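Trainee: Take this structure, written in structure tokens, and hold onto it; I'll ask about it next.
Values in this text are rule-based calculations from the coordinates and carry no lab data. What you see is a predicted model, and the numbers here were worked out from it, not measured in a lab. Positions of Cβ are backbone-derived with ideal geometry, glycine not excepted, and every protein chain shown enters the neighbour counts.
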Amino acid sequence: MSKLLLKGGRVLDPGTGHDAVADLRIVDGAVAELGDGLSADGAEVVDCAGLWITAGFVDLHTHLREPGGEDAEDIETGSAAAAAGGYTALCPMANTDPVCDSAPVAELVLRRGREVGLVDLFPVGAVTKGSRGEELAEFGDLNRLGIDCFSDDGKPVTDALIMRRALQYATAFDAVITNHAEDSALTADAQMNEGAVSSVLGLPGWPHEAEEVMVARDLILAHGVGARLHVPHVSSRGTVELIRIAKARGVRVTAEVTPHHLSLSDELVSSYDAAYKVNPPLRTAADIEACRRALADGTIDAIATDHAPHPPEQKDQEWEHAPCGMLNLETAFAVVLTELVEPGHIDLLTALARMTTGPAGVRNVAGHGRGIEPGAAANLVVIDPEARWTVEGRSLHSRARNTPFEGRKLTSRPVHTLLRGRFTLRDGKVNA
Amino acid sequence: MSTTAPARLSHLISIEDLSAEQVSLILDTAESLREIAERPIKKVPTLRGRTVCNLFMEDSTRTRISFEVAAKRLSADVINFSAKGTSVSKGESFKDTALTLQAMGVDAIVVRSHSAGAPLQLTRWVDAAVLNAGDGWHQHPTQALLDLFTMRRRLGRLEGLRVAVVGDVLHSRVARSLTQALALVGAEVTICSPPTLAPPNVEVWPGRWTSNMDDALEDVDVLYLLRVQRERMHRAFFPTTREYARLWGVDQARLDRLKDGAIVMHPGPMNRGVEIAADVADAPNAVITDQVTNGIAVRMAALYLLLGGGQPDEDPGGDA
């Protein structure tokens with residue numbers, strides 16, 4: 001019987017809203033007891049004085065690149081980054097090579113995830129075969145493996161009929177469809193947000209309308225067939241408004257926003273440093289503000305990383321040739337704390353909820369993202385709220401180093417991460 | 001800094017990086033170098049022993065030749081390096097090309113790229129002075145400077161000049177550089193284009209914008225026409241070149257409406273019959289060939305100032 005006593009930490013429970021210093025006893029991978037002055041009783045005692053204890057983070061949108069893109073990341077390096085970032089559950093995206101459009105690919109991802117053992121994986125299945133947008137993938141076959149979320153990721157389902165059928169068919173499994181929101185006719189050759197900055201930089205613009213047109217269509221389609229839609233990486237004020245209206249009208253919609261769309265604006269692109277190249281693109285201060293408010297008021301349910309590693313030789317190209325994507329797993333919470341919580345845009349418990357219970361409400365992630373109460377799986381993160389550190393891409397656990405936060409000073413860092421009571425991160429070191 | 005010499009140039013990437021004093025210095029330097037072209041032996045030893053690399057990632061024979069002539073008239077050694085299509089999948093990357101040139105010890109790199117921002121990136125990888133010869137839709141600073149030089153020579157001043165810049169502004173690096181340069185020297189700018197070819201948030205640009213050509217031409221000293229690519233009509237920017245020519249092109253009738261002494265300019269290559277009628281291109285107040293001639297003097301001045309001409313021991317480079 002393994003026993004652990006987390007002593008004297010500030011327990012922040014996003015499930016119940018409980019926020020108090022307490023001791024937490026973990027027995028055999030589950031929370032056994034929460035209270036004051038608990039005795040060791042044979043347990044290993046971990047001093048958590050001055051630290052925060054909360055539910056392990058859940059990421060709805062991660063690119064682990066395996067199979068097929070192991071030069072950028074694989075399940076081992078990505079899992080290590082996750083553990084270091086306080087995550088206990090990830091949803092690896094379907095845009096691998098081959099695409100995760102059938103059970104064998106999903107089984108490979110699940111098996112590799114278990115072998116590495118640092119984080120639980122809940123793969124996202126493809127909406128269409130090969131993510132070509134033509135024929136539906138076998139949702140039922142994938143659902144037998146627990147997959148209840150489908151996306152063609154970077155490739156929007158452009159055909160409205162295919163999208164409608166996918167939404168409708170998914171209801172058989174109570175699954176959710178998530179569609180990369182981009183009307184690609186409006187974004188041909190696009191390189192950055194269209195606006196005052198692109199105008200001066202001479203880079204072809206990605207207008208926010210291209211996102212909003214697609215979100216509006218998908219909301220209407222989902223409503224029509226009573227299906228569940230999840231809007232990925234909301235980046236624009238207009239999208240926020242559409243989701244707000246749809247929720248008020250009872251559309252079964254959830255939404256996520258990334259740490260970078262909550263903190264970085266398109267002004268950064270004036271360096272032409274491709275670390276800032278991402279899809280959807282970094283937008284304006286007004287868009288950031290709208291996303292922050294929507295996150296705080298619950299219009300946006302979850303913070304998702306869209307962690308997207310790319311090898312340095314790909315990012316070290318001319319802006320127009322460099323691929324889109326950013327590392328996020330290891331910096332997500334610290335960015336949220338430093339850029340949103342500390343300046344007062346969102347309170348701490350709400351921010352934690354958007355990284356735990358929020359995503360857990362979008363799809364089934366087993367025992368993750370739940371409250372910290374007796375009987376719950378001990379998927380936890382212990383954070384040092386005072387830690388101050390400078391982001392350095394080379395020091396992160398990901399194989400790639402394309403962080404947009406290079407050189408930034410952030411506050412807070414996970415010290416321990418526990419997956420069913422086992423340390424995946426201990427004293428800041430990943431425990432493989 | 002106000003009364004002393006303008007800050008030394010380490011690179012020439014964007015007009016935005018320049019002060020009005022630096023622009024004046026470049027134009028004045030060009031003025032003194034221009035007479036070299038009129039000598040029987042068109043060469044001075046100023047940059048002897050210096051190496052200038054023309055790194056052209058995109059074809060542009062006119063601009064490359066202009067830079068080559070400029071460098072050679074200053075006695076620099078010139079290397080022409082053309083490398084089209086530079087994504088990693090196609091071979092050597094832009095960064096490796098830059099590092100190669102760095103290792104060869106070139107003193108200046110004149111870079112033309114299809115990719116906006118490539119010259120700025122280059123400054124992070126090399127010690128050589130980087131001179132932007134056009135990057136995507138972003139900037140073409142020597143074009144703007146040679147245009148100012150031409151206006152100043154023809155009209156005797158820059159401050160207070162009324163200049164209309166007309167055409168495909170959205171896709172034009174020339175328009176970005178030129179409007180900024182004109183604002184810097186106190187000229188009054190009107191930008192005119194079809195609404196579909198106006199840059200986004202045009203209010204952040206210097207000057208005012210209108211889609212009405214006749215309104216734009218009112219009382220101008222300089223009518224500056226931008227090239228319009230015929231392919232644009234296939235992306236629904238405008239219906240036909242015929243309609244474009246009627247609404248935004250300059251024909252004899254529009255030329256006649258310009259006030260006395262007004263000049264017509266074009267960065268070339270022209271689309272005769274689209275943005276400019278053939279007769280207009282050949283009119284006495286069209287100064288398009290002057291622009292080409294002046295381009296050499298202005299590029300000589302830029303190279304001279306970047307490389308600290310005549311003082312080969314001085315470090316020409318610098319960090320971005």
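Trainee: At a 10 Å Cβ-Cβ cut-off, how would you order A:SER236, B:SER172, fewest neighbours first? Walk me through the numbers before you get to the answer.
Mentor: Values: A:SER236 26, B:SER172 23.
In increasing order of surrounding Cβ atoms, one gets B:SER172, A:SER236.
Trainee: Determine the percent antiparallel among the DSSP beta bridges restricted to chain B, to the nearest 5.
Mentor: 5
Trainee: Moving on. So what's Rg/Rh here for segment A:202-279, counting alpha carbon atoms and using the Kirkwood radius for Rh?
Mentor: 1.05
Trainee: Peptide B:118-127: average number of partner chain Cβ atoms within 10 Å per residue?
Mentor: Working: counts 6, 1, 6, 8, 1, 0, 4, 1, 0, 0.
If you average over the peptide's residues, the count of other-chain Cβ atoms is 3.
Trainee: Separation of segment B:104-172 and segment A:86-104 by C-alpha centroid, Å?
Mentor: 46
Trainee: Further question: Return the calculated 222 nm mean residue ellipticity for chain B, to the nearest 500 deg cm²/dmol, obtained by summing -39500 (n - 2.57) across DSSP H runs with n ≥ 4 and dividing by the residue count.
Mentor: -10500 deg cm²/dmol
Trainee: Follow-up question, since we're still on this one. What does the highest-first list of A:300-312, A:142-154 look like by mean Cβ count within 10 Å? Walk me through the numbers on the way to the answer.
Mentor: Numbers: A:300-312: 26.6, A:142-154: 22.1.
Packing order, densest peptide first, comes out as A:300-312, A:142-154.
Trainee: If you take every residue apart from A:VAL11 with its C-beta less than 10 Å away from the C-beta of A:VAL11, what net charge results, scoring Lys and Arg +1 and Asp and Glu -1?
Mentor: Taking every other residue near A:VAL11 into account, the sum is -2.
Trainee: Among DSSP beta bridges lying fully in the protein assembly as shown, give the percent that are antiparallel, nearest 5.
Mentor: If I count the DSSP bridges inside the protein assembly as shown, around 35 percent turn out antiparallel.
Trainee: Still on this structure: Shape verdict for segment A:56-360, please, from the Cα gyration tensor: rounded (a/c under 1.5), prolate (a/b greater than b/c) or oblate.
Mentor: Numbers: a/c = 1.25, a/b = 1.13, b/c = 1.10.
Rounded is the answer for segment A:56-360, as its axis ratio a/c remains below 1.5.
Trainee: Next up: Under a point spin-label approximation (7 Å from Cα along Cα-to-Cβ), what is the B:LYS43-A:ALA49 distance to one decimal in nm?
Mentor: The answer from the label model is 8.2 nm.
Trainee: Going 7 Å from the Cα of B:VAL204 along its beta-carbon direction, which residues of segment A:203-222 have the amide nitrogen within less than 19 Å of the resulting point?
Mentor: The answer is A:203-211, whose backbone nitrogens lie closer than 19 Å to the label point.
Trainee: Please grab the % of Cα pairs in the protein assembly as shown that end up more than 46 Å from each other.
Mentor: That fraction is 33 percent.
Trainee: Give me the percent of DSSP beta bridges within segment A:56-360 that run antiparallel, rounded to the nearest 5. Don't skip to the end; give the middle numbers.
Mentor: Values: 1 of 23 bridges.
Of the beta bridges lying entirely in segment A:56-360, close to 5 percent run antiparallel.
Trainee: Fewest first, what order do A:GLU70, A:GLU115, A:GLU212 take by the number of other Cβ atoms within 10 Å?
Mentor: In increasing order of surrounding Cβ atoms, one gets A:GLU115, A:GLU70, A:GLU212.
Trainee: Please work out the C-alpha center-to-center distance from segment A:23-77 to segment B:248-271 and express it in whole Å.
Mentor: The distance from the Cα centre of segment A:23-77 to that of segment B:248-271 comes to 72 Å.
Trainee: Hey, what number do you get for chain A at 222 nm if only DSSP H runs of n ≥ 4 count, each worth -39500 (n - 2.57), divided across all residues, to the nearest 500?
Mentor: Calculated mean residue ellipticity at 222 nm is -7000 deg cm²/dmol.
Trainee: When the chain is fully extended, how far beyond the present Cα-Cα distance does B:GLU31 get from B:ARG272, taking 0.36 nm per residue of separation?
Mentor: Answer, rounded to one decimal: 83.7 nm.
Trainee: Between B:ALA236 and B:ILE79, take the C-beta separation as r, use R0 = 35 Å, and let me know the FRET efficiency to the nearest 0.05.
Mentor: That gives a FRET efficiency of 0.25.
Trainee: Can I ask one more? In what sequence, highest mean first, do A:197-210, B:33-46 appear when ranked by Cβ atoms within 10 angstrom?
Mentor: On the way: A:197-210: 22.7, B:33-46: 12.9.
Top of the packing list down: A:197-210, B:33-46.
Trainee: How far apart, in nanometres, would the label points at A:SER271 and A:GLU241 be if each is projected 7 angstrom from Cα along the Cα-to-Cβ direction?
Mentor: With each label placed 7 Å out from Cα toward Cβ, I get 3.2 nm.
Trainee: Another one. What does the charge add up to near A:GLY367, with Lys and Arg as +1, Asp and Glu as -1, over the other residues with Cβ less than 11 Å from its Cβ?
Mentor: Local net charge: +1.
Trainee: Relative to the longest principal Cα axis of chain B, at what angle does helix B:288-306 sit, 0 to 90 degrees, rounded to 10?
Mentor: 30
Trainee: Counting only other chains, what is the mean number of Cβ atoms within 10 angstrom of the Cβ of each residue in peptide B:192-205? If you can, show how the numbers build up before the last one.
Mentor: On the way: counts 0, 0, 0, 0, 0, 0, 1, 7, 10, 8, 2, 2, 5, 3.
Taking all residues of B:192-205 together, the mean is 3.
Trainee: What net charge is computed for the residues neighbouring B:ARG242, neighbours being all others with C-beta under 13 Å from the C-beta of B:ARG242, Lys and Arg scored +1, Asp and Glu -1? Please report the intermediate quantities before stating the final value.
Mentor: Details: positive: B:ARG230, B:ARG246; negative: B:GLU243, B:ASP251, B:GLU275.
For residues surrounding B:ARG242, the net value is -1.
Trainee: Kindly state, to the nearest 0.05, the FRET efficiency for A:ASP28 paired with A:ARG111, given R0 = 30 Å and r defined as their beta-carbon distance.
Mentor: E between A:ASP28 and A:ARG111, to the nearest 0.05, is 0.80.
Trainee: In addition: For labels at B:ASP256 and A:GLU392 in the simple 7 Å Cα→Cβ model, what's the distance in nm?
Mentor: In this crude spin-label approximation the distance works out to 7.4 nm.
Trainee: Calculate the mean, over all residues of peptide A:183-192, of how many other protein chain Cβ atoms lie within 10 angstrom of the residue's Cβ. It would help to have the intermediate numbers written out before the result.
Mentor: Numbers: counts 0, 0, 0, 0, 0, 1, 1, 0, 5, 1.
Shielding by partners across A:183-192 averages 1.
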